[in-house]
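Below is one structure, written out as structure tokens, with a few remarks after it.
The values are calculated or read from the model by the stated rules, or taken from the named source; none is laboratory data. Not measured: the values here are computed from a predicted model. Note: ideal-geometry Cβ built from the backbone for every residue, glycine included; neighbour counts use all protein chains shown.
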Amino acid sequence: MKLGTIKPGTIYGVGLGPGSQDLMSVRADRLIRQASHIAYFRKKGRTGHARSIVEGMVALDAIELPMEYPVTTEIPFDDPRYNELLAAFYERSVARLTEIADAGGDVVVLCEGDPFFYGSFMHLYTRLQGRVPVSVVPGITGMSAAWTATGQPVTWGDDIMTVLMGTLPEETLVEHMAKTDALVVMKIGRNLDKIRRALTRAGREEEAWLIEYAAMPRERILPFSDAGDSAPYFSILVVHGNGRRP
Ligand SMILES: C[S@@+](CC[C@H](N)C(=O)[O-])C[C@H]1O[C@@H](n2cnc3c(N)ncnc32)[C@H](O)[C@@H]1O
């Protein structure tokens, strides 16, 4: 390194696991406790779920960088304005993180579950690549905690498992629900009715479980048929595979 040049810092995308501090990796734990800068996504005016998972672990003098979504559910995600607003938001967030890394600081970005699995961090990651050093720490996914909570294995032998987002059109849900062995549906929330119709059409409604807040203090497991009209953001549907076994 030339005299006078600053070694850039690293942006760490750190998987926090499903929501319990003792389900975090040793590496994640170490990075969070040592972090000088901690960034996390949140809805405007909220603490942010990722931030609340690490409560008590962050150094008192750490600099916190909340990244507040400009929209969450106010505009439908197929509206072109949604993409424009979010793209601009990710660019602004990347500019902030890059500035800190260019000045030699490391930043830990808190990610629920696993950073590369349907998370917001991926949108920063692709923009940061080639600009500053980036490192990703995997985490236990929410779905892993969900099927563990049911106390039954999810895939056996050569079972095929399908992961669907509740935001998909009903026809797509039916098509994939009907042909898979094991099934996971995430992003249930306000899509619950559509998911219920799709499950019934696919003939899978009797096999489905709903797990709310997996691995969190409010964890609840119920047959999907007992679910009410809505489900919390942190809920996952699981249908267990029933495949080949000795
Ligand atoms: C944007 S995705 C993030 C997934 C995350 N990166 C992961 O690895 O699990 C958000 C969805 O994950 C699911 N989810 C994540 N953690 C959960 C948990 N502990 N309990 C229930 N659902 C969870 C919910 O379906 C929620 O709508």
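Computed quantities for the displayed model
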read-out: Criterion: β-branched (Val, Ile, Thr) and out of contact with any strand residue (DSSP E or B) (no Cβ under 9 Å at 6 or more places or on another chain) - qualifying residue of VAL163, VAL108, VAL174; value: VAL174
read-out: Given (1) modelled with pLDDT under 95; (2) over 15 Å from the mean Cα position of the chain (by Cα), number of the condition LEU65 does not satisfy; value: (1)
read-out: Residue within the stretch 203-211 that is more than 23 Å from LEU16 (Cα to Cα) and loosely packed, with under 14 Cβ neighbours inside 10 Å present; value: yes
read-out: Subset tally (residues that are in contact (Cβ under 8 Å) with a residue 12 or more places away in the chain and closer than 15 Å to VAL58 by Cα) for the stretch 21-43; value: 15
read-out: Flag if SER52 is assigned to a helix (DSSP H, G or I) and under 30 Å from LYS179 (Cβ atoms); value: no
read-out: Pairs where the first residue, in the stretch 87-101, is among the charged types (D, E, K, R) and the second is surrounded by 12 or more Cβ atoms within 10 Å (Cβ to Cβ) and in a helix (DSSP H, G or I), C-beta under 9 Å, 6+ apart; value: GLU91/ARG127
read-out: When residues of the stretch 170-202 are limited to those that are under 18 Å from ALA146 (Cα atoms) and among the β-branched types (Val, Ile, Thr), the one surrounded by the most Cβ atoms within 10 Å (Cβ to Cβ); value: VAL185
read-out: Filtered residue count, the stretch 15-38, keeping only those that are assigned to a strand (DSSP E or B) and either within 16 Å of the ligand (Cβ to nearest atom) or not aliphatic (A, V, I, L, M) (or both); value: 3
read-out: Count of the stretch 112-133 residues which are in a loop (DSSP other than H, G, I, E, B) and at positive phi; value: 2
read-out: Considering residues of the stretch 223-232 that are exposed (fewer than 15 other Cβ atoms within 10 Å of the Cβ) and not small (Gly, Ala, Ser) only, the residue farthest from the chain's Cα centre (by Cα); value: ASP226
read-out: In the stretch 135-167, the residues that are of a type in the set (Val, Ile, Thr) and surrounded by fewer than 20 Cβ atoms within 10 Å (Cβ to Cβ); value: VAL136, THR148, THR150, THR155, ILE160, THR162, VAL163, THR167
read-out: Number of positions in the stretch 96-127 that are buried (at least 22 other Cβ atoms within 10 Å of the Cβ) and either modelled with pLDDT under 95 or within 9 Å of the ligand (Cβ to nearest atom) (or both); value: 6
read-out: All positions within the stretch 69-78 that are more than 16 Å from the ligand (Cβ to nearest atom) and either surrounded by 12 or more Cβ atoms within 10 Å (Cβ to Cβ) or not assigned by TED's automatic domain parsing to the domain that holds SER25 (or both); value: PRO70, ILE75
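To keep it simple, each residue is scored yes or no on (1) more than 20 Å from ALA95 (Cβ to Cβ); (2) crowded, with 16+ Cβ neighbours inside 10 Å.
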residue: MET24; (1), (2): yes, yes
residue: ARG27; (1), (2): yes, no
residue: SER36; (1), (2): no, no
residue: ARG42; (1), (2): no, yes
residue: ARG46; (1), (2): yes, no
residue: HIS49; (1), (2): yes, yes
residue: SER52; (1), (2): yes, no
residue: ALA59; (1), (2): yes, no
residue: LEU65; (1), (2): no, yes
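For (1) touching a helix residue (DSSP H, G or I) at 6+ places or on another chain (Cβ under 7 Å); (2) in the same structural domain as MET24 (by TED's automatic domain parsing); (3) not polar (S, T, N, Q), each residue gets a yes or a no:
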site	(1), (2), (3)
ARG131	yes, yes, yes
PRO153	no, no, yes
THR167	yes, no, no
VAL184	yes, no, yes
LYS194	yes, no, yes
ARG197	yes, no, yes
ARG204	yes, no, yes
PHE224	yes, no, yes
GLY228	no, no, yes
